[in-house]
Every structure is written in structure tokens, then in C-alpha cells.
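*Asks:* First the structure, which I've put down as C-alpha cells, then a few questions once you've had a look.
Please treat every number below as a calculation from the coordinates, not as lab data. The structure displayed is predicted, hence computed values, not measured ones. Quick reminder, even Gly has a Cβ in these numbers, built from the backbone with ideal geometry, and neighbours come from all protein chains shown.
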Amino acid sequence: MNESVIRAYDVLANKPIQITVQEGRIGSCEPLSEERGPACSEPLPYVAPGFCDLQVNGYQGRDFTSPHLTVDHVYEVADVLWQFGVTRFLPTVTTQAYEVLIHCVRTIAQAVNEFPILEHRIPGIHLEGPYISREDGPRGAHPREHVREPNWDEFCRLQEAATGLIRLVTISPEYETSADFIRKATREGVTVSIGHTAASPRQIREAVAAGARMSTHLGNGCHLMLPRHPNYLWEQLAADGLYASFIADGFHLPAAFMKVALRTKRDRAVLVSDLSAMAGLPLGRYATPLCELEILEDGRLVVAGQRQLLAGAAQPITTGIMNAVVLGEATLPQAVAMAAVTPYQVLGMEPSRYRPGLPVNLILFDVDESEKNQSSDRTHANLSNGGEFAGLPGKRIHIRAVYFWEEIKIFR
Ligand SMILES: [Zn+2]
């Protein structure tokens, strides 16, 4: 029988373990005695459940919100995400005309139907918009002409085209129809997240009471200027029941905000990449339907011709995990949980475990602290945050291998 034996350091349980994998399932999982552990041979890799990224807009020019999206694009993006340890993700479809949204959710559902592995890798679609704020700032880069108030009938038609695959929806609670929409979606088992919003604190509270469970990339998609208090940021930070996702790429949020937000949310914090469709392309300028974009040498994706105005995220979820650790607000186990455990809780799914008989979903990785990374990180820190991340010691997650159902990917 085809069997793999994995000896590794269990990040979440904080101990060395030995796992056997047979035909895509966990055969056994035993604690590893210290004699066979890290002391006697070369250091064990870390083992953790595969990361689950709740927000991926596309990659390398393949865009989940495009009238040209194909089933092959969906497969190709999924295939690239193995190398970041992302075994599961939610393709994210953002604000567009109704016909485009229908095409995108239908195509993703077809891909899940056509490629057996995608049925396991894509537990759902994240619909971010079109029911968000029209105001500049909160709206972010979503096209204003396609923003609209929550419309339950329209959502049901989209959900039908998606064959029920829409699992997370980001809306703004600032509309008359918002609370009713949240109640109905929640009743149908769709997780509602608050985002791209200009809502009042009262509307935030009503959304939470109606069933909203998360804040989408809290701290981004906001006004440049806000009343000091009250405002929707404080209200969401203070709502203990709300999970919150963060783009911890080192560019989207300053260190001070990340520190406060992670302390406040603790085990309700979720890390997402929010990877843009333009992420992963070589350095240079690119024409897009909205504007000309540029990928800079430090990895930032900006509006072409300047260096400050971000046009999306381009760092994998592993960057956010190490940034959370480097900020000193999360241990490695806590930061890994923000990408490998908490996302499942948001979706109401059971997180993956190493229990005999269950399908395997695990990654092996090292935390690489080479000199080379240290120097490049200092550059990254200075350019992105005026030195606020200057303490970055140059840690990188290096994925060694992924075991997911019957797939085994080895990286060197
Ligand atoms: Zn967004």
C-alpha cells in the first residue's frame, strides 16, 4: 500500500509527532519520543493544517471577476496556491455588472464540478460586493456604477448560478435592506461579513445582532478621515463576537494598527492574502480595465507612476503569518491558527485534524531566517512603512511539502 511516514513538529500542539498517510487519509498520528526528535538529527520541519485563504481575487493575470474567466483559470490559480501552503481558498468575486457576476460564479461552480480536487479545495465562493458603500474610501477600487444596496432576490439568482457555492458575502450594513439581508443569508448558512462600509456604529451593532460574523479586511476599505469617535472602526474592534480578517502584508496596515487589532481580536483574527489578479506577475506596468498598474521591486502593487497608492495585495498568506509573529502580537502557533483554523470557524466548518481515517490536509514547512532575507526585509520595511516594520528580522515561511487528499506536492 502507498504509505508516507511524516515526522514533524506539530505547531499547534507544540510537540513532535509522527503521522502516517495512506491513500490520501491519515493512518495514524502518534507523539514522537524525544530520542527520535529534533535533538538527534537535523531539525524537524513544522507541520500544520493547510492554510485556508478566505480572499483570493485571482493570480498572474487570471481574474475571478472577469467576463473572460474560464474553468481552466480557476484550476490554474488553485494550482499556484499549493506553493504557499494554501490547500483551501475562497475565490473572491467583487463588484461588477449582474451578467459578469453570474458568469463568474457559474464558471467557478463549473470548475469545482469538473476538477474533482477542486471540490475539496474550494469550500465556497466569497462574494465581496456589490452590496457595499458608494462612498469614496469605503468603496475602495470597486467600480461605483455597479455598487448597489443589498438585494435578496438578486443574491438568490447568483446563488442559484453558483449552485449554492457562495459561502461568504461581504456587505455594508449602511442600507435599509442590510439587516434583513443579513438575517436571510445567515439563515441559509451563508456567512455575512461587514466590509467596504460607511455604516454608523448603530448600523454595525444592528448587523451583528442580525447575524454578521466577521469584518472584511478591517482597517482597509475605509474613509481617509473619520470622526475620532464614535466610528465604525472602534465599533467593529469592540464587537467581541465579530471575527476580523486582516491583510498583514506589511503595506496595507501600519504596525500600530495591526498590533492593536490583533490584541483586541486574539483568537478571532483571520489572516487573508487578498491576492490581486495582478499578483505574481513580473515587475513592470500593466494596463487593466480600471487603470494602469505597476508592480514594484519590493513586491508592492501600485497605481502606475507613483509609489504610495496601493492597487491591491500581492503577498501570499505566508507573509502575513510571519508579519504577525514579527510584530510580537502572535506566537507562531497563534499566527498559524489565524490562517489554518480560524478561517474554518468563520465558515462554520470543522478545522482539519490529524485523526486516523480523516482525509489528509497538512503542510510541512520551515521558518527560514537567512541573511539574504534579512537584508531584503530591511528594504521592504523602510519603503513600505517609513520604518515602522524596521524590526523585521527576516523570517520567511518556506513550504517543504503539501499533503492534501491524494495530492502530494514536494517543494525544494
Ligand atoms: Zn476589499
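*Asks:* I want the antiparallel fraction of DSSP beta bridges within the chain, as a percent rounded to 5. Don't jump to the answer; show the numbers that get you there.
*Replies:* Values: 42 of 68 bridges.
Restricted to the chain, the bridges split so that about 60 percent are antiparallel.
*Asks:* OK, next. Specify the angular offset, from 0 to 90 degrees and rounded to the nearest 10, of the alpha carbon long axis of helix 178-187 from the longest principal axis of the alpha carbons in the chain.
*Replies:* The answer is roughly 40 degrees.
*Asks:* Could I ask something else about it? So what J values fall out for the range 287-298 if you push phi through Karplus, 6.51 cos²θ - 1.76 cosθ + 1.60 with θ = phi - 60°, rounded to Hz, Gly and Pro as x?
*Replies:* Using θ = phi - 60°, the values come out as 7, 10, x, 8, 6, 7, 10, 9, 9, 8, 5, 8 Hz.
*Asks:* Also, quick follow-up: Based on the mean of other beta carbon atoms within 10 Å per residue, what is the order of 20-32, 260-272, most packed first? Intermediate results must be reported in sequence, preceding the final value.
*Replies:* Values: 20-32: 16.0, 260-272: 20.1.
Peptide ranking by packing, descending: 260-272, 20-32.
*Asks:* Pairs of lysines 8 or more apart, or on different chains, with alpha carbons under 25 Å: count those in the chain, would you?
*Replies:* Values: 15/395; 15/409; 259/395; 265/395; 372/395; 395/409.
Step by step, the pairs that qualify in the chain add up to 6.
*Asks:* Toward the positive end of the charge dipole of the range 49-347, about the Cα centre and with charges on Cβ (Lys, Arg +1; Asp, Glu -1), which of 337, 124, 287 goes farthest?
*Replies:* Comparing the listed Cα positions along the dipole, 337 ranks first.
*Asks:* A further question follows. Once you list every other residue whose beta carbon is under 15 Å from the beta carbon of residue 113, what net charge do they have if Lys and Arg are +1 and Asp and Glu are -1?
*Replies:* On the way: positive: 106, 121; negative: 72, 114, 119, 160.
Net charge around residue 113: -2.
*Asks:* Next question, about the same structure. Would you mind counting up the charge near residue 102? Only other residues with Cβ under 15 Å from its Cβ, with Lys and Arg at +1 and Asp and Glu at -1.
*Replies:* On the way: positive: 106, 148, 157; negative: 99, 153, 154, 160.
Charge balance in the 15 Å sphere: -1.
*Asks:* Here's something else I'd like to know. Kindly write out, for the range 111-124 in residue order, the coupling ³J(HN,Hα) from the Karplus curve 6.51 cos²θ - 1.76 cosθ + 1.60 (θ = phi - 60°), rounded to whole Hz, with x marking Gly and Pro.
*Replies:* Result, rounded to whole Hz: 4, 5, 6, 7, 9, x, 5, 5, 4, 8, 7, 10, x, x.
*Asks:* Can you list the residues, at least 5 places off or on another chain, whose amide H is less than 5 Å from the amide H of residue 278, using H built in the peptide plane?
*Replies:* 61
*Asks:* For residue 32, enumerate residues with amide H under 5 Å from its amide H, sequence gap 5+ or separate chain, H modeled in the peptide plane.
*Replies:* Here 17, 18 satisfy the definition.
*Asks:* Place +1 on the Cβ of every Lys and Arg and -1 on the Cβ of every Asp and Glu in the chain, take the dipole about the Cα centre, and give the residue among 207, 83, 367 whose Cα lies farthest towards its positive end.
*Replies:* My answer, from the dipole projection, is 207.
*Asks:* Amide H to amide H, which residues 5 or more places from residue 270 or on other chains are under 5 Å from it, using H placed in the peptide plane?
*Replies:* Amide H neighbours of residue 270, under 5 Å, 5+ apart: 244, 245, 246.
*Asks:* Count charges around residue 346 for me, please; just the other residues with Cβ under 11 Å from its Cβ, Lys/Arg as +1, Asp/Glu as -1. Don't skip to the end; give the middle numbers.
*Replies:* On the way: positive: 167, 213, 268; negative: none.
Combined, the nearby Lys, Arg, Asp and Glu give +3.
*Asks:* Sum -39500 (n - 2.57) across every DSSP H segment of at least 4 residues in the chain, then divide by the residue count to get the 222 nm mean residue ellipticity, nearest 500. Present the calculation step by step, with values, prior to reporting the outcome.
*Replies:* Details: 12 runs with 122 residues, N = 412.
About -8500 deg cm²/dmol.
*Asks:* Can you run phi through the Karplus equation (6.51, -1.76, 1.60; θ = phi - 60°) for the range 230-242 and list ³J(HN,Hα) in whole Hz, with x for Gly and Pro?
*Replies:* Coupling constants for the range 230-242: x, 7, 5, 6, 4, 4, 6, 4, 7, 7, 4, x, 8 Hz.
*Asks:* Here is a follow-up. For 59, 344, 175, what's the fewest-to-most ordering of other Cβ within 10 Å of each Cβ? Please report the intermediate quantities before stating the final value.
*Replies:* Working: 59 26, 344 18, 175 21.
Lowest to highest Cβ neighbour count: 344, 175, 59.
*Asks:* Need one number: convex hull volume per residue for the chain, Cα atoms only, in Å³. Intermediate values should be presented prior to the final figure.
*Replies:* Values: hull volume 57.0 nm³, N = 412.
Per residue, the Cα convex hull of the chain comes to 138 Å³.
*Asks:* Taking the Cα centre of the range 49-347 as origin and charging only Cβ (+1 Lys, Arg; -1 Asp, Glu), how large is the dipole, in debye to the nearest 20?
*Replies:* Using Cβ point charges on Lys, Arg, Asp and Glu, the range 49-347 gives about 760 debye.
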